[in-house]
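Report on the structure given below.
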Ligand code: PDD
């Protein structure tokens, strides 16, 4: 169950040349959006972030925000299934390999993949998942959703081989975020997450969770959590477009319970997406 949008049309088959900047350099940006029952969740925010990422690497997106919105709605309509994972990618185009930008007339390559999404089983969600820490060896612009994901790939594989679901990045003894999700913890009854800086992605789910937490009158603090605080965590969870809100049951050798505060936030989130 999938559908592509490439070169101005919907199709089931599409190819990029091997002399393509996404392939050769990871020279591009992307977004992942989830659609629930024909409603792409926070599409506007995702597209704003796509344009933010693109402008920060001087990349032109060949469609306006409104045009992309229309393409997304049309793709969802054609596919006609309940849960759709929508992957949007823009690269600096296809041209003979050279590090500097190709000539101006080389057009960006834009495509969207619409694919059936299988939600995480509720039993996994209510049991919690394991995280393993990994050094944050990413670049200094993690606020850009760039195609360069090698550190994330290595971190996730490391965690997977140990039986984990996600990798938790550590930079200068501080938790930044996970390989493909944001991280939150309750410590001393306060909900804590890394502030929005160049060291993390401004997660759309992260923002929603902060709003929900405030509406539930939880005290929220945006500050980095230190590794030495791992033993003081009362509850923790990760957030992201595909993970939604996922309780954590362990980080390395520290074990946590899936707590009521996390589940309360999850229940409100669930109401908002449906
Ligand atoms: N990842 N941090 C990183 C490094 C991410 O890659 C993601 C999303 C998030 C969560 O952001 P959001 O809530 O906006 O999805 C945080 C996507 C899902 C991915 O790469 O597949």
(request) Search segment 264-274 for residues being surrounded by fewer than 16 Cβ atoms within 10 Å (Cβ to Cβ) and more than 14 Å from the ligand (Cβ to nearest atom), and hand back the single one that is modelled with the lowest pLDDT. (result) 274
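Does residue 107 satisfy the criteria of being in the same structural domain as residue 6 (by TED's automatic domain parsing), out of contact with any helix residue (DSSP H, G or I) (no Cβ under 8 Å at 6 or more places or on another chain) and under 19 Å from residue 18 (Cα atoms)?
It is true that residue 107 is in the same structural domain as residue 6 (by TED's automatic domain parsing), out of contact with any helix residue (DSSP H, G or I) (no Cβ under 8 Å at 6 or more places or on another chain) and under 19 Å from residue 18 (Cα atoms).
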(request) Could you run through segment 213-237 and say how many residues are in a loop (DSSP other than H, G, I, E, B) and either within 15 Å of the ligand (Cβ to nearest atom) or touching a residue at least 12 places away in the same chain (Cβ under 8 Å) (or both)? (result) 6
(request) Tell me which residues, restricted to segment 171-188, are closer than 22 Å to residue 150 by Cα and either within 8 Å of the ligand (Cβ to nearest atom) or surrounded by fewer than 20 Cβ atoms within 10 Å (Cβ to Cβ) (or both). (result) 171, 172, 173, 174, 177, 178, 179, 180, 181, 182
(request) Can you tell me which residue among 191, 210, 168 is within 15 Å of the ligand (Cβ to nearest atom) and either at pLDDT below 95 or assigned to a strand (DSSP E or B) (or both)? (result) 168
(request) Taking the residues in segment 85-141 that are under 26 Å from residue 24 (Cβ atoms) and without any contact (Cβ under 8 Å) to a residue 24 or more places away in the chain as candidates, determine which candidate is surrounded by the most Cβ atoms within 10 Å (Cβ to Cβ). (result) 106
(message) Looking only at segment 238-262, filter to residues that are within 16 Å of the ligand (Cβ to nearest atom) and closer than 16 Å to residue 169 by Cβ; which one of those is surrounded by the fewest Cβ atoms within 10 Å (Cβ to Cβ)?
(response) 243
(request) Please report, ordered by residue number, the strands (runs of 3 or more DSSP E) entirely within segment 1-76 with at least 3 residues that are out of contact with any helix residue (DSSP H, G or I) (no Cβ under 7 Å at 6 or more places or on another chain) and either in the same structural domain as residue 239 (by TED's automatic domain parsing) or within 14 Å of the ligand (Cβ to nearest atom) (or both). (result) 28-36
(request) Go through the residues of segment 85-105 one by one and say whether even a single one is on the phi > 0 side of the Ramachandran plot and in contact with a strand residue (DSSP E or B) (Cβ under 7 Å, 6 or more places away or on another chain). (result) yes
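Yes/no matrix, rows are residues, columns are (1) surrounded by 16 or more Cβ atoms within 10 Å (Cβ to Cβ); (2) in contact with a helix residue (DSSP H, G or I) (Cβ under 8 Å, 6 or more places away or on another chain):
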| site | (1), (2) |
| --- | --- |
| 156 | yes, no |
| 169 | yes, yes |
| 202 | yes, yes |
| 216 | no, yes |
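From the list 137, 200, 113, pick out the single residue that is within 16 Å of the ligand (Cβ to nearest atom), within 17 Å of the chain's Cα centre (by Cα) and part of a loop (DSSP other than H, G, I, E, B). Even if it seems obvious, please write down each step before you answer.
On the way: 137 fails: within 17 Å of the chain's Cα centre (by Cα); 113 fails: part of a loop (DSSP other than H, G, I, E, B).
Criteria check complete, one pass: 200.
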(request) List the number of the failed condition for residue 107; all other conditions in (1) farther than 18 Å from residue 14 by Cα; (2) more than 16 Å from the ligand (Cβ to nearest atom); (3) in a loop (DSSP other than H, G, I, E, B) hold. (result) (1)
(request) State whether one or more residues within segment 147-162 are in a strand (DSSP E or B) and either more than 21 Å from residue 57 (Cα to Cα) or within 11 Å of the ligand (Cβ to nearest atom) (or both). (result) no
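The values are calculated or read from the model by the stated rules, or taken from the named source; none is laboratory data. Quick caveat, the model's predicted, so the values are computed rather than measured. Methodologically, a virtual Cβ is constructed for each residue, glycine included, from the backbone with ideal geometry; neighbour enumeration extends over all protein chains shown.
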